[in-house]
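*Asks:* Got a structure for you, questions after.
The values are calculated or read from the model by the stated rules, or taken from the named source; none is laboratory data. Since we're looking at a predicted model, the values are computed, not measured. No Cβ is skipped: glycine too gets one built from the backbone with ideal geometry, and neighbour counts run over all protein chains shown. Heads up: the accessible areas ignore ligands, DNA and RNA and are worked out on the full protein's heavy atoms, side chains in. Shrake-Rupley method; radii C 1.70, N 1.55, O 1.52, S 1.80 Å.
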Amino acid sequence: MSIVVTGATGHLGRLVVHQLLEKVPAEQVTAVVRNEAKAADLAARGVKLAVADYNRPETFDGLFAAGDKVLLISGNEFDKGRVGQHTVVIDAAKAAGVALLAYTSAPGSLTAALADDHRATEQALLASGLPYTLLRNGWYHEVYTENLAPVLAQGAVVAAAGAGRLSSASRADYAAAAAAVLTGEGHENQTYELGGDEAWSFAEYAAELSRQTGREIAYDSVPGETKLGILKDAGVPEPLASILVGVDASIAEGELVISTGDLSRLAGRPTTPLAEAVAAGLKG
Ligand code: NAP
């Protein structure tokens, strides 16, 4: 029996593997990666590597074994049909008879187009009949705090989210929840709505940036079309820019406020405050 993590060389996957290594011996962990060289640090810690690509179903042949617990981390290739990619993994897991397939999804309340791939993947997983866990991850703090240069240059946080609030959490928090599910008991056929303990607004986020930088950072609430133009001018391709503007609209509607407490419960500790992620982001 192995614990198998796909997308293990991504930001979230790497954190999950690190947290698993605090709970189980390294030989019980398999990292599924596209590029072995990128996973040299994981291999050095004794983690087994399996090379596979969601776009090449044959690379998943025989990768899983009966009894494995698998974390399918959603892909980031929006133009390559993520539902088909995820289904490749689900089909291989089904053929092997894994004990659990956990999937990093999106909040059930999210109506933005971004959620479509996640809802369709959830349906494919449920239809497979496999024991599943839906980790419906809310937003990452790092979506905002990892790229502060433009915000600092402009002296403004620009969003098309009005006074909407969201309960983001750090990637490490979501990784802790995933590691708890993969190493714990009783998570079969459960759906967890995961988000940070405290919701915040963009005005509050701008105020926190001002406090920590000692500079005046404003919140510039703009219409969706303006945000779309800004993203396109910054070189974001139109389909992705539209998706991101759709997320802002969902935030305006409160769709990314998650108040279940599932994340801190699974992680076994409070979630990381936004202020901590801001401090980390400012340090670079
Ligand atoms: P990330 O760093 O971009 O990692 C994505 C991972 O997916 C990478 O390991 C990547 O492999 C792997 N991957 C992509 N296409 C693949 C393919 N065809 N075959 C095999 N592996 C493939 O993203 P993250 O920050 O870890 O987040 C994980 C996922 O959460 C993202 O992919 C996205 O679906 C979703 N997400 C959520 C939020 C949020 O706020 N909740 C924000 C952004 C993204 P390589 O390492 O080889 O590139």
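*Asks:* List the relative contact order of the range 194-284 as a percent without decimals, with contacts defined as Cα pairs under 8 Å and 6+ residues apart.
*Replies:* Across the range 194-284, relative contact order equals 46 percent.
*Asks:* To the nearest 10 Å², what's Asp233's accessible area with a 1.4 Å probe?
*Replies:* 140
*Asks:* Separate question: Ratio of Rg to Rh for the range 47-122, alpha carbon only, Kirkwood?
*Replies:* Dividing the radius of gyration by the Kirkwood radius yields 0.98.
*Asks:* Please compute the contact order of the range 136-280 in relative form: average sequence separation of alpha-carbon pairs under 8 Å and at least six residues apart, divided by the residue count, as a percent.
*Replies:* Value for the range 136-280: 41 percent.
*Asks:* Let me ask another. Compute the angle between helix 11-21 and the longest alpha-carbon principal axis of the chain, please, reported from 0 to 90 degrees and rounded to the nearest 10.
*Replies:* Once rounded, one gets 50 degrees.
*Asks:* Hey, what angle do you get for helix 82-96 against the long axis of the chain, alpha-carbon based, 0 to 90 degrees rounded to 10?
*Replies:* Approximately 30 degrees, to the nearest 10.
*Asks:* Just flag the GluC sites (Glu not before Pro) in the range 201-255 sitting in loop per DSSP whose Cβ has no more than 12 other Cβ atoms within 10 Å.
*Replies:* Numbers: sites: Glu204, Glu208, Glu216, Glu225, Glu253, Glu255; in loops: Glu216, Glu253, Glu255.
Qualifying residues, ordered by number: Glu216.
*Asks:* For the range 141-258, build the convex hull from the C-alpha positions and give me its volume per residue in Å³.
*Replies:* Each residue corresponds to 125 Å³ of Cα convex hull volume.
*Asks:* In addition: Excluding Arg119 itself, what net charge comes from residues whose Cβ is under 15 Å from its Cβ, given Lys and Arg +1 and Asp and Glu -1? Can you show the working numbers first?
*Replies:* Values: positive: Arg82, Arg136; negative: Asp116, Asp117, Glu122, Glu193, Glu255.
Summing Lys and Arg as +1 and Asp and Glu as -1 gives -3.
*Asks:* Something else now. What figure in square angstrom, to the nearest 10, would you give for the accessible area of Lys80 with a 1.4 Å probe?
*Replies:* 110
*Asks:* Okay, next question. Counting only residues 5 or more places away or on other chains, whose amide H sits under 5 Å from the amide H of Ser170 once H atoms are built in the peptide plane?
*Replies:* Under 5 Å from the amide H of Ser170 lie the amide H atoms of His141, Thr272, each far enough along the sequence or on another chain.
*Asks:* Under 16 Å from a label point 7 Å along Cα→Cβ of Leu240: give me every residue in the range 106-139 with its amide N that close.
*Replies:* Under cut-off, by backbone N: 114.
*Asks:* How big is the accessible area of His187 in square angstrom, nearest 10, if you roll a 1.4 angstrom probe over the protein chains?
*Replies:* Looks like 30 Å² after rounding.
*Asks:* If you don't mind, there's one more thing I want to ask. What dipole magnitude, in Debye to the nearest 20, does the range 1-128 give about its Cα centre under +1 on Lys/Arg Cβ and -1 on Asp/Glu Cβ? Walk me through the intermediate numbers first.
*Replies:* Details: 12 positive and 14 negative charges, 45 e Å.
The dipole magnitude comes to about 220 debye.
*Asks:* Given a 1.4 Å probe and heavy atoms of the protein chains only, how would you sort Lys94, Lys69, largest accessible area at the top?
*Replies:* The ordering from most to least exposed comes out as Lys94, Lys69.
*Asks:* With a 1.4 Å probe and all protein chains kept in place, how do Tyr103, Tyr140 rank by accessible area, largest first? Working shown, then result.
*Replies:* On the way: Tyr103 0, Tyr140 55 Å².
The ranking, largest first, comes out as Tyr140, Tyr103.
*Asks:* Leaving ligands and nucleic acids out of the surface, order Arg34, Arg119, Arg82, Arg269 by accessible area at 1.4 Å, largest first.
*Replies:* On the way: Arg34 140, Arg119 60, Arg82 10, Arg269 85 Å².
Sorted descending by solvent-accessible area, the residues read Arg34, Arg269, Arg119, Arg82.
*Asks:* Would you please name the GluC sites (Glu not before Pro) within the range 8-117 that are DSSP coil residues with at most 13 other C-beta atoms within 10 Å of their C-beta?
*Replies:* Glu22, Glu77
*Asks:* Can you tell me, using C-alpha contacts under 8 Å and at least 6 residues apart, the relative contact order of the range 1-143 as a whole percent?
*Replies:* 21
*Asks:* For Ala153, project a label point 7 Å along Cα to C-beta. Then give me every residue of the range 229-254 with its amide nitrogen under 18 Å of that point.
*Replies:* From the range 229-254, the list is 229-237.
*Asks:* Right, another one. Mark the label point 7 Å from the Cα of Ser128 along Cα→Cβ and return the residues of the range 71-89 whose backbone N is within less than 17 Å of it.
*Replies:* The answer is 71-76, 82-89, whose backbone nitrogens lie closer than 17 Å to the label point.
*Asks:* Further, regarding this structure: What angle, in degrees between 0 and 90 and rounded to the nearest 10, separates the Cα long axis of helix 171-183 from the longest principal axis of the Cα atoms of the chain?
*Replies:* 20
*Asks:* To the nearest 500 deg cm²/dmol, what mean residue ellipticity at 222 nm is calculated for the chain from DSSP H runs of n ≥ 4 alone, each contributing -39,500 (n - 2.57), summed and divided by the residues?
*Replies:* Helices in the chain give a 222 nm mean residue ellipticity of -12500 deg cm²/dmol.
*Asks:* Under the √(5λ) rule applied to the eigenvalues of the Cα gyration tensor, what semi-axes describe the equivalent ellipsoid of the chain? Give them in Å, descending.
*Replies:* After scaling each eigenvalue by five and taking roots: 33, 20, 18 Å.
*Asks:* Sticking with this structure for a sec: List the trypsin sites (Lys or Arg not before Pro) in the range 161-226 that DSSP assigns to loop (not H, G, I, E or B) and whose Cβ has at most 10 other Cβ atoms within 10 Å. Which are they?
*Replies:* Here the trypsin sites (Lys or Arg not before Pro) that fit, given the DSSP loop and packing criteria, are Arg215.
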